[in-house]
Each structure stands twice: as C-alpha cells, then as structure tokens.
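Colleague: What follows is a structure written as structure tokens; I'll ask about it next.
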Amino acid sequence: MKKLIAVMLALVLVLALGATALAADTLTVAFSQIGQESDWRTANTDDVKNAIEGAGWNLVYDDAQQKQENQVKALRNFITQGVDYIVFTAIVTTGWDEVLAEVKEAGIPLVLIDRFPQTGFADDSWYTTYFGGDFPEEGARAARWIVNYYNSLGRGSEEVNIVRLEGTTGADAQVGRSKGFDEEIAKTPNFKVVASQTGNFTGAEGQAVMESLLKSVEKIDVLWAENDNMALGAIEAIKAAGLQPGKDIIIVGCDAIKLAFEAIVKGEMNCTVECTPLMGSRVVEVITGLEAGETFDKVVHPVEYVYDSMGGIPYTADGAALTLKAEDHVSERLY
Ligand code: GZL
C-alpha cells in the first residue's frame, strides 16, 4: 500500500512539474490600451483581449485611462515583467521615443494597432507591423460623401457651411482624418469648414461643443464628427435647440458603430465612414507568424466601407466604390 501511495505521489509531482513547464512555455502578450472613451474603443479592447486569451496565451492588460503617462508606465512595466510581445496603440502621436527605445533595447517585439506613434528613429526596425485605419482616407471619404450627396440633390453649387468635431487632439486618427478632410474639401471651395473644435472622441464632449457651436455659428448646414459617439452627442444638442438632425443639419460620423446605423435608420444621421475596431484576429495572426519566423508588411489597412441613408453615393477618389444603405446592414453589426 505504501508503495502505491509513493508511486501516486511521484506521478502527481511529475504532472505538476510538466504543467508548470507548459505554463512557462506559454507566450505572455501585453496589451497597452488607451482607455474607454468610445464604443469603438470598447469593441477594440474586447476583440483584442478575447483573441489573445483565445489563442491560449497569457494576457497582461493595461487601460491607460486616456493618459499618455500611464501608457509610458505600462510599457516600462511590461519590460520589467519580461513579456514576450507588446501590442500597443498610442493615444497621441508624439512623446514615445524614449520608452520605445527601451522596448527595442529589451528585445520585445512591438505589434502596433489602431493609432500609430511617430518616432525619430533612423529606421522602422523598432516595430514589427502596424494594422489600423487609413485615417487621411477616412477623412477624405467623409468630404467626398458630403460633396457627392449635395450633387445628388442638384445642390452642389450652394454655399455649404460645415462644422467639425475633432477627435482627441494630436491622436493619429484625429490628425489624419482632419488632414484628409481638409485636402479633399479644398477641391470644392463653396464647401467650407467654418468651425472646428475637439470633442475628444466622447459623446458628452461632442454634445457640449455642439451646443456652443449652435449658438456661435450663424448657419450650420453639415456636421462632420471624427467619430460616431461625438456625432450622437451632437444630435442631442441639435434636438435640444429645436432643430431636426439629419434634415436641418446633415450629420456625418466615423467608426460605423451600430448606434450610428440605428440613428441613420431613424433619419437623425446621414452617413458614417467605417473604421473597424476588430483587430484581434490580426494580432494573433501576426504573433503566430512571428513565432514561426515570418515577417509582415510594415503597414496594413483593413478593407472598409461607407454607409448612409440612401446608398449609391461615390466615396473613393476614383468614384468606383458606392455607399451601402445602413438599413440593409444594421442587423449584422457586431459593435
Ligand atoms: C480609430 C480610433 C479612434 C476611433 C474613436 O482607429 O483610434 O479612437 O475613431 C476612438 O472612436 O476613440
């Protein structure tokens, strides 16, 4: 009997050691996330976290609560913990050189998603690959849609006043969307941005800024909001001012979240430019590939569309891609 117990104890010990060894072999992937400012961000967080854990890897997650200094701290903590990979989206484009040099020095592969950090490094060896929206193109699509929408109504030569709610100042998505929009809308001088202010990608700030713009801007024909949450906040302000959003003021957003589709179906919004938050499968594909010695293109953008109330409005530079009707796709939206 004693012999049997000894054998069983030995077996348990071997299994326990084996399991520990397995856990030690399991990759540890760290994810530095910006915060929880929008529906897009929540969908992005959930999708990436679920994919990393779904791959059987250990996840080390940090929510920076919208503060760059918290992201810098998180990156340094990841280095100290000796994680195998870092997944990173930069709240703003500047201020990263020192800590990203430390990440490179530590030899931890950096997988960039969503917002791209600008650096002064001599080459692009400091990161493995970037996956995220083509922000200047997203801004240009919004501008093209506005002009083509007015043209479709035979009103393309009117003087059209546009107000803009910008995203978080200095964020890659804000800088790119504003630049892309401005360059495109400049081709039709009768369409003018008469006021532009940050709403920081949040519904509450978008509503507050729109309340103030409604008082200060004499004639507003179009609102271009650099994300849907700000557009939805602005819609509340427009209604409170006794105006009809989607009719008295044309509303264009960005992200293509389900709430925007529902607002378009309700007639309170007119268009949303897609920017997908679903990046988890790409993160797993990249890390799995890197583990197998693969390399990846440095910059990869997902295929994205534009949805509106009517369909058929051109939104690409070549005029080939046409908008899809939101009401035909609202049921399939995942976030
Ligand atoms: C875009 C992303 C932006 C979204 C906003 O890739 O960085 O940040 O458009 C989010 O909704 O807050």
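Colleague: May I ask you to list the GluC sites (Glu not before Pro) in the stretch 214-317 that are in a DSSP loop and have at most 12 other Cβ atoms within 10 Å of their Cβ? Kindly include the intermediate steps, with their values, before the conclusion.
Modeller: Numbers: sites: E218, E226, E236, E262, E268, E274, E285, E291, E294, E304; in loops: E218, E226, E268, E294, E304.
Here the sparse-neighbourhood loop sites are E218, E294.
Colleague: Given a cut-off of under 8 Å on Cα pairs at least six residues apart, what relative contact order in percent is computed for the stretch 189-335? Numbers along the way, then the final one.
Modeller: Working: 231 pairs, mean separation 25.3, N = 147.
Once divided by the residue count of the stretch 189-335, the mean separation gives 17 percent.
Colleague: Next question, about the same structure. Over the chain, what relative contact order in percent results from Cα pairs under 8 Å that are six or more residues apart? Each step should come with its number before you reach the end.
Modeller: On the way: 673 pairs, mean separation 54.3, N = 335.
Relative contact order, the chain: 16 percent.
Colleague: Considering only protein heavy atoms, what per residue accessible area in square angstrom results for the chain with a 1.4 angstrom probe?
Modeller: Working: 14820 Å² over 335 residues.
Counting only protein heavy atoms, the per-residue value for the chain is 44 Å².
Colleague: Would you be so kind as to identify all helices of the chain, as entire DSSP H runs, whose Cα atoms reach 30 Å or more along the helix's own axis and whose mean Kyte-Doolittle hydropathy is at least 0.5?
Modeller: Span-like helices, by this rule, are 2-25.
Colleague: Next question. State the volume of the convex hull built on the alpha-carbon positions of the stretch 140-187, expressed per residue in Å³ and rounded to an integer.
Modeller: Numbers: hull volume 3.3 nm³, N = 48.
With only Cα atoms used, the stretch 140-187 gives 69 Å³ per residue.
Colleague: Something else about it: Quick check on the stretch 128-214: what does the Kirkwood estimate of hydrodynamic radius come out to from the alpha carbon pairs, in Å? Before the final figure, lay out the partial values.
Modeller: Working: mean 1/r = 0.0722 Å⁻¹.
This gives a value of 13.8 Å.
Colleague: Roughly what % of DSSP beta bridges within the stretch 209-316 run antiparallel, to the nearest 5?
Modeller: About 25 percent, rounded to the nearest 5.
Colleague: Pairwise over distinct Cα atoms, reciprocal of the mean inverse distance: report the Kirkwood radius of the stretch 55-206 in Å, one decimal place.
Modeller: It is 17.7 Å.
Colleague: Taking Rh as the Kirkwood radius, which is the inverse of the mean 1/r over Cα pairs, what is the Rg/Rh value for the stretch 226-334? Don't jump to the answer; show the numbers that get you there.
Modeller: Values: Rg = 17.3 Å, Rh = 15.5 Å.
Computed over Cα atoms, the ratio is 1.11.
Colleague: Would you compute, from DSSP H runs of 4+ residues alone, the mean residue ellipticity of the chain at 222 nm, taking -39500 (n - 2.57) per run and dividing by the full residue count, rounded to the nearest 500? Can you show the working numbers first?
Modeller: Numbers: 10 runs with 143 residues, N = 335.
Rounded to the nearest 500, the figure is -14000 deg cm²/dmol.
Colleague: Additional query: Determine the share of the stretch 284-335's accessible area contributed by carbon and sulfur atoms, expressed in whole percent, with a 1.4 angstrom probe. Let's see the in-between values first.
Modeller: On the way: 1540 of 2910 Å².
Ligands and nucleic acids excluded, carbon and sulfur reach 53 percent.
Colleague: Listed here are the pairs K215/K247; K49/K104; K247/K325; K192/K239; K73/K258; K104/K258; which of them are more than 27 Å apart at the Cα?
Modeller: Values: K215/K247 18 Å; K49/K104 23 Å; K247/K325 17 Å; K192/K239 23 Å; K73/K258 34 Å; K104/K258 38 Å.
Pairs exceeding the cut-off: K73/K258; K104/K258.
Colleague: Let me see the pair-distance distribution of the chain: every alpha carbon pair, 20 Å bin width, integer percents in order.
Modeller: Distribution as computed: 30, 48, 17, 4, 1 percent.
The values are calculated or read from the model by the stated rules, or taken from the named source; none is laboratory data. Because the structure is predicted, anything quoted here is derived from the model rather than measured. Using ideal geometry, Cβ is built from the backbone for each residue, glycine included, and neighbour counts are taken over all protein chains shown. Surface areas here come from the heavy atoms of the whole protein model, side chains and all, with no ligands, DNA or RNA. Shrake-Rupley method; radii C 1.70, N 1.55, O 1.52, S 1.80 Å.
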